[in-house]
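Nothing in this text is a laboratory measurement; each read-out follows from the coordinates by a stated rule. The structure displayed is predicted, hence computed values, not measured ones.
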Amino acid sequence: MIVRIASGIPGFDDFTSSDDDLGLDLGGIPENTATLIYGPQGVGKSIFAYAFAYHGLTQDEPCLYLTTDLEMGDLYQKMASIGLKLDEYSENEMFYVVDAALSDSGSEMEDSDLYQSTSVKNPTDILVKVSRGARMISNKGPRFRSVIDSLTTVLESNNPVLIVRVLKTYILRVKEAGGTALITYTEGSSNSSTEILIKSMVDNIIKLDQGKITIEAMKGMGRKDIPYQITEKGIVLDNSE
Amino acid sequence: MSRLESGIPGFDEIFSSVSDFDLTGFPGNTSTLIIGPPKVGKSIFCYQFAYHGLSIDEPCLYITADEGMKQLQQNMIDFNWFLQSAMDKEMLYVIDSISSLSGASIETTNTYNLSKINDPTDLMVKVGLGTRFVFKKSEEFRSVFDSLTTPFAFNPEPMVVRFLKTYIRRLKEAGATIIFTCTEGIVSENTEKILKSIANNVIMMDGDYITFRSIEGPIGTAKYHITDKGIIVDKGEVL
């Protein structure tokens, strides 16, 4: 049986549960795998990542979050704007941020156990910091979630050959430490062979496009799709009540 | 030519409509490239091929280059395929060329060796050790390399091709039936051509159809499905 963890997206877990067992097989994201969320700009890939990260926190699963587009302060605000309030979880040392979204002037915050600053232009440093974060967070419990939002920004600032290697290493380390990884990527933002390599390195592929969520690949299931909406509460699948 | 049971239901009968020769079964002591886009079941083919061999006492040299040993075992357990007894009987020799990247502290055993993804020379040394080990068990054995995708991501293409040529030559001399996988579209067109020409047989998987170009000439194709028991191939058609 494939163990899945709740996604935090209303409707998604029902959509991904198989109906052959006696209702015992809960849907969600397969545990201890890597999932790619991709699609064009503005379809809700980041919102998916917020909900995934936040839901883990409410289930006592800590989260390691690499943010490349929003500085930590903006990330907190953005998540709060769809009702996902992080303060409690950062107080409990559940939410660990690696911030690569900083401008050249750097961060006003000092690095700490829960906050590391880095730069999208320095993938080696990113890898060092997320690896350290994964090790630390894995000491807190048997499972955790790990998000990269987004890979596109890192790819745009560096040689894709190098980034593919960094991504492979990252996925291996998160999985080894017991984590479940989720990576967002804007379709078409790198060349075709890089895009295929990225898809080959993850376990599950979810596409968001034209109002539809498509599971292109996922452990234990075939391809399927369903319409979704972006509401003030985030992404909601059309099968949810 | 000797024939093997691939272990993939329906696959061995893909040429059953060619009545002139009996082409049932997987051609022994050949090399086969399995190529296709991501997530179409290339690795599952490998698991099934190796696991079936082990279940009928054909030893296997397994090189895992995308997923570490722990993940490999987990992926197989999803299909209820367990490797432990084959390892206890020393029928399976695994070379793990990727776990050194994951930061895990792992110890080698009699039948489990480590290598590095960016060191084909070291990998060849380990292949030599593994081949001798498996060869002592049986002069007919299987060899799986899954996959070339990560080696290609970490090394120059010609270097991986050189490694592959040597690997195939040595393993064939030792009597192995070799399968190796590569994701379609990640290397240059020229390298992809070379890969297809190095292999005796080519299996293409696209998510719907599996197409087999055999060393013996015919090309067969069939629809396939991935189930919780692995890949199942429908009745084939010869092109």
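What percentages, rounded to whole numbers, describe P(r) for the protein assembly as shown computed over all alpha carbon pairs with 10 Å bin width beginning at zero?
Histogram of Cα-Cα distances, whole percents per bin: 4, 20, 29, 25, 15, 6, 1, 0.
Taking every DSSP beta bridge that has both residues in the protein assembly as shown, what percent is antiparallel when rounded to the nearest 5?
Values: 34 of 90 bridges.
The antiparallel fraction comes to roughly 40 percent.
Pairing the Cα long axis of helix B:42-55 with the longest principal axis of chain B, what angle in degrees results, from 0 to 90 and rounded to the nearest 10?
That helix lies at roughly 80 degrees to the long axis.
Can you check how the C-alpha radius of gyration of the stretch B:72-207 compares to 2.2 N^0.38 Å, as a plain ratio? Before the final figure, lay out the partial values.
Numbers: Rg = 15.3 Å, N = 136, 2.2 N^0.38 = 14.2 Å.
Against the empirical 2.2 N^0.38 Å value, I get 1.07 for the stretch B:72-207.
How big is chain B on each of its three principal axes, counting only the C-alpha atoms and giving the largest first in Å?
For chain B, the Cα extents along the three principal axes come out at 52, 40, 34 Å.
What angle, in degrees between 0 and 90 and rounded to the nearest 10, separates the Cα long axis of helix A:123-138 from the longest principal axis of the Cα atoms of chain A?
The answer is roughly 60 degrees.
Helix A:45-58 against the longest principal axis of chain A: what's the angle in degrees, Cα atoms only, rounded to the nearest 10?
With both axes taken from Cα atoms, the answer is about 90 degrees.
In chain A, what % of DSSP beta bridges are antiparallel (nearest 5)?
Antiparallel: roughly 35 percent of the beta bridges in chain A.
With θ taken as phi - 60° and the coefficients 6.51, -1.76 and 1.60, list the Karplus ³J(HN,Hα) couplings across the stretch B:31-38 in order, rounded to whole Hz; mark glycine and proline as x.
Running phi through 6.51 cos²θ - 1.76 cosθ + 1.60 with θ = phi - 60° gives 10, 10, 8, 10, 10, x, x, x Hz.
Remind me, what semi-axes does the stretch B:123-177 give for its equivalent ellipsoid, largest first in whole Å, using sqrt of 5 times each Cα gyration tensor eigenvalue? Don't skip to the answer; put the middle values down first.
Numbers: eigenvalues 103, 20, 19 Å².
Over the Cα atoms of the stretch B:123-177, the ellipsoid semi-axes are 23, 10, 10 Å.
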